[in-house]
Structures are given as structure tokens and as C-alpha cells.
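This report refers to the structure that appears directly beneath it.
Every number in this text was worked out from the coordinates using simple rules, so none of it is lab data. Worth saying up front: this structure is predicted, and the values here are computed from it rather than measured. Positions of Cβ are generated from backbone atoms using ideal geometry, with glycine treated the same way; all protein chains shown enter the neighbour counts.
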């Protein structure tokens with residue numbers, strides 16, 4: 001974080017830059033799907049104005065994690081059969097301690 005933006009914005013900027021760099025090399029055709037009309041070539045990888053909620057307690061963090069971990073199991077998504085089976089979830093980190101992306105911190109260490 002550069003001190004001028006919120007963590008969510010830093011995360012989106014960092015990941016978007018890396019998505020663009022990786023796709024430019026590995027899959028330029030897929031990268032074209034993220035191109036938006038602008039004066040300079042610009043790409044949009046994130047939904048505009050996603051809801052960001054300030055988490056202010058352990059109880060609230062636990063509630064939000066449960067929602068995120070169980071959301072991929074919902075009938076309308078059916079992305080996996082168990083929370084820890086969804087690749088892009090932190091559920092496996094909390095269940096087994098695995099962190100494939102090496103970016104996770106246990107919420108109990110923060111609150």
C-alpha cells in the first residue's frame with residue numbers, strides 16, 4: 001500500500017497489473033476480453049464498486065468467513081462439495097493450514 005489508498009484498492013491494483021502481465025504473455029486472446037473502451041488501452045478485471053465492509057470484531061470476521069467459505073457450495077453456484085475444496089477460498093487454510101498462494105493471515109492474529 002502506498003499510503004494514499006485503502007487495502008482493497010491496493011489489492012485490486014496489484015492483482016489487475018499481474019493479471020494483465022500474465023495474460024499478455026500466456027493468453028493474449030483472453031486478455032482482449034477485459035479490454036474496455038478508453039483513450040489509452042485499459043483493462044478491467046474487477047467489478048466496479050464491489051461492496052467493501054469494515055470488519056471490526058472477531059465475531060464479525062468469523063461470520064464473514066463462514067459466508068465466503070460456504071458460498072461456493074450454494075445450489076446456484078455448485079463450485080465444490082466442501083468449502084476447503086474450492087481453490088480460491090481460505091477455507092483450506094483454516095481447516096488444514098494450507099496456503100497455496102502464500103498470502104493468508106489468520107484473522108485471530110489480527111483482532
Original post:
So how far apart, in nm, are the two label points at residue 102 and residue 88 if each is 7 Å from Cα heading toward Cβ?
Top reply: 2.2 nm
Original post:
What percentages, rounded to whole numbers, describe P(r) for the range 58-109 computed over all alpha carbon pairs with 10 Å bin width beginning at zero?
Top reply: 26, 54, 20, 0
Original post:
Mean separation of Cα pairs under 8 Å and 6+ residues apart, divided by the residue count of the chain: what relative contact order is that in percent?
Top reply: 13 percent
**OP:** Would you mind giving the average projected area, over all directions, of the Cα convex hull of the chain in nm² with one decimal?
**Re:** 9.5 nm²
